[in-house]
Amino acid sequence: GWCPLSPTGAQTTQLFVQPPWRPAVLWDRVTLTCQGLGTDGATTWYKNGKHWWQQGLDLLTVTQSGTCTCGRPDSGFNLPVNISDDWLVLQVPAWALQEGDTVTLRCWG
C-alpha cells in the first residue's frame, strides 16, 4: 500500500509514503519514495522548506519530524507531506474513501 501524494497520471513528481496512514507519524518508521521523470537518483529532498538531502536517494527513511518535499529535474516538486511526532494520534487510511466504505482507524498514544 503506497500512497501517492499527487494526482495519478499527472506528469509531476510523486511522493509515496509507507505505511499509508494519515497523518504520518515519526514513530511509525515512515519511508518516503520520490518518483518522477528523468534519471533515477536525481532526487533532491527538502524539509521545512530548506535543502535537506543531496541528490542521489529516491528512497529515504524519515528520522525527524517536519514537512517533507522532494523534487526531480524534469517533473518538479510534489505536494508536501507533514511527518508528525505527536504523542496521541488518530490515523485514517491515506487512500480515497467514499461514503459507505468500511474504514479502519488507528489510535496511537
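One residue stands out in segment 90-109 among those that are β-branched (Val, Ile, Thr) and closer than 22 Å to LEU26 by Cα: the one that is surrounded by the fewest Cβ atoms within 10 Å (Cβ to Cβ), namely THR104. The strands (runs of 3 or more DSSP E) located wholly in segment 20-90 that include 2 or more residues which are without any contact (Cβ under 8 Å) to a residue 24 or more places away in the chain occupy 50-53, 66-72. For segment 91-109, residues that are without any contact (Cβ under 8 Å) to a residue 60 or more places away in the chain and in a loop (DSSP other than H, G, I, E, B) total 11. Residues in segment 44-61 that are open to solvent by less than 90 Å² (accessible area, probe 1.4 Å) and either farther than 21 Å from THR12 by Cβ or modelled with pLDDT under 85 (or both): TRP52, GLY56, LEU57, THR61.
The values are calculated or read from the model by the stated rules, or taken from the named source; none is laboratory data. A quick note: this is a predicted structure, and the numbers were derived from the prediction, not measured. Virtual Cβ from ideal backbone geometry, glycine too; neighbours counted across all protein chains shown. Accessible surface is based on the protein model in full, side chains and every heavy atom, while ligands, DNA and RNA are left aside. Shrake-Rupley method; radii C 1.70, N 1.55, O 1.52, S 1.80 Å.
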